[in-house]
Amino acid sequence: MTDWGALAAERLNRLAQVSEDGPGVTRLPFTPQHRQAVALLTEWMEEAGLRAHLDDAGTLVGRHEGRAGAGTFYLGSHQDSVREGGAYDGIMGVVLPILAMRKLNEAGRLPSCSVEVLAFADEEGVRWPTALIGSRALAGSFDPAVLEMRDRDGVPLRAAIEAFGLDPGRIAAVQRPRAAALGFLETHIEQGPVLQEKAQPLGIVTAICGIERHQITLTGETGHAGTLPMASRRDALVGAAEIVSEVNRHARATEDLRATVGEIHVSPNVVNAVPREVRMTVELRSPVDATREAAGEHLHGFAQRVALASGLMLTAEKTYAQPAQPCDRGFADRLAEVIAEQGHAPLRLASGATHDASAMADLCPIAMLFVRCRDGISHTPQEYAAPEDLGAAVDVLSAFLERPFG
């Protein structure tokens, strides 16, 4: 019998070698490494009985043609990585469904509907300041304006796609018909510690968190650190410190809220001068949009009170907002039944990270299956999922697909 977990681990290790030089995995879209990954994945798709082709958004598609009129169910994730990332994030969600389809094919139990396994080119947004190119193209929400964005070497996205042998002018044509789209299932490492803490290999995602980002600038007055009396100071960093503390306190006190001050710039930023200006970012995430939005309002109100009490000028702006994407309850229940049948507890949890599934939600109902990762570590070379957990995911995916849709 095939050890599907061991085979998955071996293939992920092979793909991890398809990387730029340096620690971990660096595999960016529309590069020689992307081309090498496509070659391996194409070989494995065809081995599983899938017909493979590369679309004009750079998505590798492996298709099983089902009964006419039965619709199409989609599975997949992204092939790209962050710089010096790990061997599992994204790419695992391509390898496992390929193996699930191979398992069904070898057993003669392929689903009656059509199935497409998708390897998206760019989810991470590392090379260009955009992301989710392939999934947005399939869902019909791709913005052609991003084709003019340039990477750090000055290469436009349009030129990179063309150099890859694709036609960016035809990206709109890859959109799938909504009426025939049955659903999308993405398998991903958890990127958190919950499954490890609960001693479970798999988890069912209930929602992909919404995100909003805020830019806060506090402006006071600088002066000599040794001669300016404490009572006379308008220290922007002291005001910023109050806001940082409140962001942390409020998130800890609010269910389903995560908040991060991830970037701070201080001016003049010298050892013997009172800080005149602080620019900082605040990111808020929650699977409940009302919780996230209320936290943003609280942030602005608190910052205004700090500025007034400290004699500081304040500018506060929401710079980005992405709503939460709930996962389909029916698909989640289907996953729960299959996981229970495999002898595991059907644990449900939200995703704090964005995934291709959030873009595919514009096309069809979505579901996500989390796989336990050691210590919740992700986006580093230490990222790891055990072969037995990979095998459990293959078993669940194959059983999920074998059940009738519709």
field: Helix-only CD estimate at 222 nm, as mean residue ellipticity for the chain, using -39500 (n - 2.57) per DSSP H run (n ≥ 4)
entry: -10500 deg cm²/dmol
message: Please list, in order along the stretch 151-162, the HN-Hα scalar couplings obtained from phi with the Karplus expression 6.51 cos²θ - 1.76 cosθ + 1.60 (θ = phi - 60°), rounded to whole Hz, x for Gly and Pro.
response: 7, 5, 9, x, 7, x, 4, 4, 5, 5, 5, 5
message: Please arrange Phe302, Phe30, Phe142, Phe184 by how many other C-beta atoms lie within 10 Å of their C-beta, fewest to most.
response: Phe302, Phe142, Phe30, Phe184
- prompt: Across the stretch 41-57, in residue order, what do the Karplus-derived ³J(HN,Hα) couplings come to in whole Hz, using 6.51 cos²θ - 1.76 cosθ + 1.60 with θ = phi - 60° and x for Gly and Pro?
  reply: 5, 4, 4, 6, 4, 5, 4, 7, x, 9, 8, 9, 8, 9, 8, 6, 9
task: Name the residues whose placed amide hydrogens come within less than 5 Å of the amide hydrogen of Ile189, ignoring near sequence neighbours (fewer than 5 apart) on the same chain.
output: Gly90, Val371
- request: Return the long-range amide H neighbours of Gly86 (sequence gap of 5 or more, or a different chain), with a cut-off of under 5 Å between placed amide H atoms.
  value: Val25, His379, Thr380
query: Relative contact order for the chain using alpha-carbon pairs under 8 Å, separation at least 6, rounded to a whole percent?
result: 24
- line: Reduced to Cα centres, the span from the stretch 254-299 to the stretch 156-174 in Å works out to 37
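For the chain, compute the orientation-averaged projected area of the C-alpha convex hull (one quarter of its surface), in nm².
Orientation-averaged projected area of the Cα hull: 21.4 nm².
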query: Listed highest first by mean packing, meaning other Cβ atoms within 10 Å per residue, what order do 375-387, 69-81, 49-61, 203-215 come in?
result: 69-81, 203-215, 49-61, 375-387
field: HN-Hα J in Hz across the stretch 351-366 - Karplus 6.51, -1.76, 1.60, θ = phi - 60°, x for Gly and Pro
entry: 9, x, 10, 8, 9, 4, 4, 5, 7, 5, 4, 6, 9, 6, x, 10
- prompt: Which whole-angstrom value gives the distance between the alpha carbon centres of the stretch 5-26 and the stretch 198-215?
  reply: 25
statement: Over all directions, the stretch 210-322 yields a Cα convex hull whose mean projected area in nm² is 6.7
- prompt: Taking the DSSP beta bridges in the chain as the whole, what percent of them are antiparallel, to the nearest 5?
  reply: 70
query: What residues qualify as long-range amide H neighbours of Gly71, i.e. H under 5 Å apart, gap of 5 or more or another chain, H built at 1.01 Å from N?
result: Ser114
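Starting with the fewest neighbours, write out Ile216, Ile161, Ile189 ranked by other beta-carbon atoms found within 10 Å of each beta-carbon.
Details: Ile216 25, Ile161 22, Ile189 28.
So the ranking, lowest neighbour count to highest, is Ile161, Ile216, Ile189.
Quick note: the coordinates plus some simple rules give every number you see, no bench work behind them. Since the structure is predicted, the reported quantities are computational estimates derived from the model, not experimental observations. Glycine also receives a Cβ, built like all others from the backbone with ideal geometry; neighbour counts cover every protein chain displayed.
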